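Enquirer: To start, I am sharing the structure in question, which I have written as structure tokens.
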Amino acid sequence: MVQPLLTMSLDSKIPSGPMAEKWTRHKRDSKLINPKNKRKYSVIVVGSGLAGSAAAASLSEMGYKVKCFCFQDSARRAHSIAAQGGINAAKNYQNDGDSVHRLFYDTVKGGDFRAREANVHRLAEVSVNIIDQCVAQGVPFAREYGGGLANRSFGGAQVSRTFYARGQTGQQLLLGAYSALNKEIARGGVEMYSRTEMLDLIVVNGQTKGIVVRNLVTGKIDAHVADTVLLCTGGYGNVFFLSTNAMGCNVTATWRAHRKGAFFANPCYTQIHPTCIPVSGDYQSKLTLMSESLRNDGRVWVPKKAEDCGKNPADIPEADRDYYLERKYPSFGNLAPRDISSRAAKEACDDGRGVGPGGRGVYLDFAESIRDFGRNTIAERYGNLFDMYERITGESAYERPMRIYPAVHYTMGGLWVDYNLMSNLPGLHVLGEANFSDHGANRLGASALMQGLADGYFVIPTTVANYLVTQKPGEVTLDNPEVKKAVADAEERTKKLLSVKGKRSVDSFHRELGLLVWDKCGMARTREGLQEAIDRIPALREEFWNNVTVPGSGDAANQELEKAGRVADFMEFAELLCIDAQNREESCGGHFREEHQYPDGEAKRNDQDFSYVAAWEYSGNCSQPKLNKEPLTFEEVHLAVRSYK
Amino acid sequence: MALLNLHLKVWRQNGSQPGHFQDIEAPEIPDHASFLEMMDIVNERLIANGQDPIAFDHDCREGICGACSMTINGMPHGPERATTTCQLHMRKFRTGDTIWIEPFRARSFPVVKDLMVDRGAFDRIMQAGGFVSIRTGSAPEGNSIPIGKDVADAAMDAAACIGCGACVASCKNASAMLFVSAKVGQLNTLPQGQPERQRRTLGMVRQMDAEGFGNCTNQYECEAACPKEISVRWITKLNRDYAVAAVKDIVGAGRQQAGGEGGD
Ligand SMILES: Cc1cc2nc3c(=O)[nH]c(=O)nc-3n(C[C@H](O)[C@H](O)[C@H](O)COP(=O)(O)OP(=O)(O)OC[C@H]3O[C@@H](n4cnc5c(N)ncnc54)[C@H](O)[C@@H]3O)c2cc1C
Ligand code: SF4
Ligand code: FES
């Protein structure tokens, strides 16, 4: 399966020079396009989340002609809207010793030494500009009484560098980016296409030149061409069916690009978030995150004795409670990083000490904070989260500890990109959660919003010109045969989905796939388990194509058809996810292989053999992807066992 | 966990064709399920019977994206205070209940299909001034403008609006004043929003009128329906801001003309 290295196509284009100067040098050395010529270049932005809206607005301000697409009815509803906790930036407003270098270091370490150092350093550098930009747009960040910006702390860091807007930080940042986008739509710089889904990528003579889309109201399939395409389409967490992602999140855009030649990097790096509301029944359609910021004031525990699990938590005395995170990780305690906290919860439940239905839950207890700071302070900090918890579970977290359990939340893997955020497929740029580059094997809390906005506001506006100068503007037009073929292929596929007329609903397939992947490629993975999944997925995929039922027609609004297309892609992608997890014979970050652990259960990395990015290439057969490697070298941060003890 | 047997009356409509209520039996619905999970179960059963599933907008299912939009028993987002359709849970209903399910109805929100409507008018109102004209990269240092906690908190209260349109659907005039006042109010409250205060107020209110939303006659149904508890005080503030902006607009237009005549 493993093919020789293709180092030529995996040139990461990291600028030379000392780490702290690379971005500055790169900005200086990047190509410029004069204002008159910029107007001739057109850019397609797929996605209107933080990455997409920020990129579309910024590129339009610079003078490029932009078209932006999203599948929701409004750009403002992109999944970024759901982020709760906050966004990191190395402002050091708290005077607690934070700096660009420390944020860089924490992110590389937090990612378990599987991220590309130069990208992470750039991220830390531009983090400070993001806050300035958002404040200027009118994002109502939390403030101190003196009028300065307030901060909170988040998992995986010992400084307070997280900016927030109540429990709705993602919403406020997205509304800021959406306002910038609206300003450009009004000015005529951006054409916005909502309720429009990308079905395929158009590649002409090896260059990315457009996309095929379906209008989700009329059902019409057609093409849009441009001089470059930016995919800002978010993560693939919904391959697990149950996740904290919005229902529409999908892998279609990135998977279709992969099938056209873009390498998919590190798909096995998936993040399981420790604080989610546990599953309550098989009708469940999604899982709800309780922001990690809750761990600032909540203490995580389970009963010491399995026989106490059914008791009312208030009746369990202190001495019989196991505050396992504080016990195992005294220096980070309840703020231990996500992967570590999630696994610790699973261990406690596997040990028979889980609470709630099915024994799959642990307590997150606010009693002490309410005692110390008062109910009002806690309500001010987390009121909306407590309300949400009560609506879903019917219980009040002011009176009784919350029950939480880990759930799929974020995907660190994504399309491979170089330092310019360009894929190996020329002209295809990938931003935000859709790319792989900054979080390694585990993302720290409040760093995804930072990355999405960094990519959109500050990185791509500089780097996109490096590609565009190599292209003649408007070279490919709608009458190009490749364009026509791509449209015909998408129409054909849609017809095929509608014509199976089998017996099983799309959701039933999605649930089955999700359960399988969660079971074999979730919080803990083994070689055999993964093999089982790899054996079963193709059969399930075949059944899907022979037995799915998609009611209605293709030439009108049809939500089942939309879901069917997405699930069909998840069916292919899931196999690559498991193949990557099986290939990576080590444990790192969100990827935990039971075979590779220390006697105390901590993850055991294998730097000797696996200090590389696994960039998978489509071979024409989903079951036989080709492996390309980008070796990771660490100049600034010393490879070390990642300890939070 | 209890199971509920429900009788649904669901609005079915294809685009601009006339719609009707369809009777659908929904037996054995777990009371822990959310309202949309109940709809999922119903849709699975419709599909199994070869019928067309009910179309409805939804995405986050966490009460934040503003996509879900059902009028339940005559109330936009249903009976629970400060709760979106997706956050409403079936334990709020009793077995044997009849539940009427309709789209968010308003002249400016045409039905796309069944319970799905087109709220593009809201986007166009935002494009008419719902922003601060600041270019990427040209922002001053974040802490250079101190903003009192009370001011920031007030702006955040307004900014919490999820753009769902329940305010419009609940109003007998189909007025969009609560939405527009929250959006204008957020930026007009903050120092960053001051330079464009008038332009924004006039632009967004005029676009609201152009979209065909009705006038506000102070019924305050909107506040009761709003899942984010946006206060009608924002409407009062908008009326004030609009009055000032409209006067300045007339005076200013005159001055500009006068200046124009003698200009270089
Ligand atoms: C519940 C929750 C809470 C979170 N909290 C935090 C937090 O506190 N801090 C933090 O840093 N991160 C947080 N995250 C992670 C963070 O929100 C996301 O990683 C980030 O917002 C992703 O932004 P994005 O722009 O890359 O993609 P998204 O916001 O997911 O946007 C994707 C866009 O692509 C479009 N799209 C997708 N596929 C297609 C297609 N085929 N055709 C057309 N359009 C398409 C969508 O319409 C959408 O506009 C949270 C995530 C979740 C799930
Ligand atoms: S004001 Fe309230 S009801 Fe109206 S759109 Fe905003 S959140 Fe929805
Ligand atoms: S589905 Fe997002 S608010 Fe209801």
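Only the coordinates and a few stated rules stand behind these numbers; no lab work does. This is a predicted model, so every value here is computed, not measured. Note: ideal-geometry Cβ built from the backbone for every residue, glycine included; neighbour counts use all protein chains shown.
Enquirer: Considering only DSSP beta bridges with both partners in the protein assembly as shown, what is the antiparallel share in %, to the nearest 5?
Expert: So the antiparallel bridges amount to about 70 percent of the total.
Enquirer: Is there a quick way to get the dipole size of chain A? I mean about its Cα centre, with the Cβ of Lys and Arg at +1 and of Asp and Glu at -1; what is the value in debye to the nearest 20?
Expert: Working: 79 positive and 78 negative charges, 305 e Å.
Magnitude of the dipole: close to 1460 debye.
Enquirer: What do you get for the angle between helix A:338-350 and the principal long axis of chain A? Use alpha-carbon atoms, 0 to 90 degrees, nearest ten.
Expert: That works out to roughly 50 degrees.
Enquirer: Ranked highest first by average number of other Cβ atoms within 10 Å, how do B:127-140, B:234-247 line up? Present the calculation step by step, with values, prior to reporting the outcome.
Expert: Numbers: B:127-140: 19.6, B:234-247: 17.3.
The most tightly packed comes first, giving B:127-140, B:234-247.
Enquirer: Let me know the mean shielding of B:63-71 by other chains, meaning the per-residue number of their Cβ atoms within 10 Å of its Cβ.
Expert: On the way: counts 7, 14, 15, 7, 9, 0, 1, 0, 0.
Per-residue shielding by partner chains comes out at 6.
Enquirer: With a 10 Å radius around each residue's Cβ, average the other Cβ atoms per peptide and rank A:585-593, A:613-621, A:470-478, A:154-162, highest first. Mind showing how you got there, number by number?
Expert: Details: A:585-593: 25.2, A:613-621: 17.6, A:470-478: 13.7, A:154-162: 23.3.
Answer by packing, highest mean first, reads A:585-593, A:154-162, A:613-621, A:470-478.
Enquirer: Then there's this: Of all DSSP beta bridges located in segment A:157-289, what percent are antiparallel, nearest 5?
Expert: Values: 14 of 14 bridges.
Within segment A:157-289, antiparallel bridges account for around 100 percent of the total.
Enquirer: Sticking with this structure for a sec: Would you mind pulling out the separation of the Cα centroids of segment B:235-250 and segment A:95-158, in Å?
Expert: 40 Å
Enquirer: Run the simple label-point estimate for residue A:488 and residue A:351 please: 7 Å along Cα→C-beta, distance reported in nm.
Expert: Placing both labels 7 Å along Cα→Cβ, they lie 6.3 nm apart.
Enquirer: Report, in whole Å, the centroid distance computed from the Cα atoms of segment A:57-78 and segment A:546-591.
Expert: Between the Cα centre of segment A:57-78 and that of segment A:546-591, the gap is 26 Å.
Enquirer: Output the Kirkwood hydrodynamic radius of chain A, Cα pairs only, in Å rounded to one decimal. Write out the running numbers ahead of the final one.
Expert: Numbers: mean 1/r = 0.0401 Å⁻¹.
Across chain A, the inverse of the average 1/r is 24.9 Å.
Enquirer: Any chance you could check the Cα centroid distance between segment A:418-492 and segment B:48-79 for me, in angstrom?
Expert: 33 Å
Enquirer: Taking the Cα centre of chain A as the origin and placing charges on Cβ (Lys, Arg +1; Asp, Glu -1), which of A:349, A:58, A:268 is farthest toward the positive end of the dipole?
Expert: Of the listed residues, the answer is A:58.
Enquirer: Relative to the longest principal axis of chain A, what angle (0 to 90°, nearest 10) does the C-alpha long axis of helix A:559-583 take?
Expert: Tilt relative to chain A: about 70 degrees.
Enquirer: Check the straight Cα-Cα distances from residue A:495 and name the lysines below 26 Å, setting aside those fewer than 8 residues away within the same chain.
Expert: The reachable lysines, counting only those whose Cα sits under 26 Å from residue A:495, are A:209, A:220, A:260, A:484, A:485, A:503, A:563, B:113.
Enquirer: Name the shape class, rounded, prolate or oblate, that the alpha-carbon gyration tensor gives for segment B:30-142, where a ≥ b ≥ c are the square roots of its eigenvalues, rounded holds for a/c under 1.5, and otherwise prolate holds if a/b is larger than b/c and oblate otherwise.
Expert: Values: a/c = 2.38, a/b = 1.96, b/c = 1.21.
Here segment B:30-142 falls in the prolate category.
Enquirer: Cβ neighbours within 10 Å, averaged per peptide: list A:174-183, A:369-378 in order, most packed at the top. The partial results should precede the final answer.
Expert: On the way: A:174-183: 29.3, A:369-378: 13.8.
Per-residue mean Cβ counts within 10 Å order the peptides as A:174-183, A:369-378.
Enquirer: When the expected Rg is taken as 2.2 N^0.38 Å, what fraction or multiple of it is the alpha-carbon Rg of segment A:183-330? Could the numbers behind the result be given before it?
Expert: Working: Rg = 23.3 Å, N = 148, 2.2 N^0.38 = 14.7 Å.
Dividing the Cα radius of gyration by 2.2 N^0.38 Å gives 1.58.
Enquirer: Explain nothing, just the number: dipole magnitude of segment A:336-493 about its Cα centre with +1 on each Lys and Arg Cβ and -1 on each Asp and Glu Cβ, in debye rounded to the nearest 20.
Expert: Working: 16 positive and 22 negative charges, 63 e Å.
Charge dipole of segment A:336-493: 300 debye, to the nearest 20.
Enquirer: Work out the mean other chain Cβ neighbour count within 10 Å for the residues of A:67-80 and drop it here as an integer.
Expert: Across A:67-80, the average partner-chain Cβ count within 10 Å equals 4.
Enquirer: Per-residue Cβ counts within 10 Å, from other chains only, averaged over A:89-95: what number is that? Please report the intermediate quantities before stating the final value.
Expert: Numbers: counts 1, 0, 3, 0, 2, 0, 0.
So the per-residue partner count for this stretch is 1.
Enquirer: Over the Cα atoms of segment A:160-201, Rg to Rh with Kirkwood Rh, two decimal places?
Expert: Details: Rg = 14.6 Å, Rh = 12.7 Å.
My calculation puts Rg/Rh at 1.15.
Enquirer: Continuing with the same structure: Taking N as the number of residues in segment A:274-408, what value does Rg over Cα atoms divided by 2.2 N^0.38 Å take?
Expert: On the way: Rg = 13.8 Å, N = 135, 2.2 N^0.38 = 14.2 Å.
The value comes to 0.97.
Enquirer: Rank B:127, B:33, B:76 by how far each Cα sits towards the positive end of the charge dipole of segment B:1-130 (+1 on Lys, Arg Cβ; -1 on Asp, Glu Cβ) and give me just the farthest.
Expert: Ranked along the dipole, the leading option is B:127.
Enquirer: Separate question: Kindly give the semi-axes, whole Å and largest first, of the ellipsoid equivalent to segment A:136-230, taking each as the square root of 5 times a Cα gyration tensor eigenvalue.
Expert: Values: eigenvalues 297, 60, 36 Å².
Whole-Å semi-axes of the equivalent ellipsoid: 39, 17, 13.
Enquirer: As a test of understanding, state the convex hull volume per residue of segment A:53-126 from its alpha carbons, in Å³. Could the numbers behind the result be given before it?
Expert: Numbers: hull volume 11.6 nm³, N = 74.
It comes to 157 Å³ per residue, whole-number rounded.
Enquirer: Further, regarding this structure: Segment A:269-306: which trypsin sites (Lys or Arg not before Pro) are DSSP loop and have at most 16 other beta-carbon atoms within 10 angstrom?
Expert: A:304, A:305
Enquirer: Evaluate the charge dipole of segment B:3-113 about its Cα centre and quote only its size in Debye, nearest 20, assuming +1 on the Cβ of each Lys and Arg and -1 on the Cβ of each Asp and Glu. Working shown, then result.
Expert: Values: 11 positive and 14 negative charges, 83 e Å.
Around 400 debye, computed over segment B:3-113.
Enquirer: Could I ask something else about it? With a ≥ b ≥ c taken as the square roots of the eigenvalues of the C-alpha gyration tensor of segment B:119-259, please select rounded if a/c is under 1.5 and otherwise prolate if a/b is larger than b/c or oblate if it is not?
Expert: On the way: a/c = 1.82, a/b = 1.19, b/c = 1.53.
In terms of gyration-tensor shape, oblate.
Enquirer: How much of the pair distance distribution for segment A:467-522 lies past 17 Å, counting alpha-carbon pairs only, in percent? Kindly include the intermediate steps, with their values, before the conclusion.
Expert: Numbers: 1029 of 1540 pairs.
The share of Cα pairs beyond 17 Å in segment A:467-522 comes to 67 percent.
Enquirer: Let me ask something additional. Can you pull the Rg over Rh of segment B:87-144, Cα-only, Kirkwood? Can you show the working numbers first?
Expert: Working: Rg = 20.7 Å, Rh = 16.2 Å.
That ratio is 1.28, to two decimals.
Enquirer: With the Cα gyration tensor of chain B giving a ≥ b ≥ c as the square roots of its eigenvalues, does the rule (a/c under 1.5 for rounded; else a/b larger than b/c for prolate; else oblate) give rounded, prolate or oblate?
Expert: Values: a/c = 2.67, a/b = 2.07, b/c = 1.29.
The shape class here is prolate.
Enquirer: Between 0 and 90 degrees, rounded to the nearest ten: what's the tilt of helix A:117-137 against the longest Cα principal axis of chain A?
Expert: Helix A:117-137 sits at roughly 90 degrees to that axis.
Enquirer: So, one more: In Å, what Kirkwood hydrodynamic radius results for segment A:464-563 from the alpha-carbon pair distances? Could you put the intermediate results ahead of the total?
Expert: Values: mean 1/r = 0.0589 Å⁻¹.
Kirkwood hydrodynamic radius for segment A:464-563: 17.0 Å.
Enquirer: Which value at 222 nm does chain A reach when only helices count, each DSSP H run of 4 or more adding -39,500 (n - 2.57), with the total divided by all residues and rounded to the nearest 500 deg cm²/dmol?
Expert: On the way: 18 runs with 228 residues, N = 645.
One gets -11000 deg cm²/dmol as the mean residue ellipticity at 222 nm.
Enquirer: I'd like to know which of A:75, A:405, A:296 lies farthest towards the positive end of the charge dipole of chain A, counting +1 on Cβ of Lys and Arg and -1 on Cβ of Asp and Glu.
Expert: Result: A:75.
Enquirer: Given H placed 1.01 Å from N in the peptide plane, which residues other than close sequence neighbours of residue A:166 have an amide H under 5 Å from its amide H?
Expert: Here A:142 satisfy the definition.
Enquirer: Sum -39500 (n - 2.57) across every DSSP H segment of at least 4 residues in chain B, then divide by the residue count to get the 222 nm mean residue ellipticity, nearest 500.
Expert: Numbers: 8 runs with 100 residues, N = 264.
After summing the helix terms and dividing by the residues of chain B, the value is -12000 deg cm²/dmol.
Enquirer: Right, here's the next one. Kyte-Doolittle cut-off -1.0, length cut-off 24 Å along the helix's own axis using Cα: show which whole DSSP H helices in chain B pass. Display every interim value, and only then the final one.
Expert: On the way: long enough: B:233-262 (43 Å, -0.43).
Length and hydropathy pass: B:233-262.
Enquirer: While we're looking at this one, here's another question. Kirkwood hydrodynamic radius, computed over distinct alpha-carbon pairs, for segment A:287-335: how many Å, to one decimal? Present the calculation step by step, with values, prior to reporting the outcome.
Expert: On the way: mean 1/r = 0.0830 Å⁻¹.
Computed over Cα pairs of segment A:287-335, the Kirkwood hydrodynamic radius comes out at 12.1 Å.
Enquirer: Kirkwood Rh over alpha-carbon pairs of segment A:485-624, then Stokes-Einstein at 25 °C and 0.890 mPa s: what D in µm² s⁻¹, rounded to an integer? The partial results should precede the final answer.
Expert: Values: Rh = 16.8 Å.
For the chosen part, D equals 146 µm²/s.
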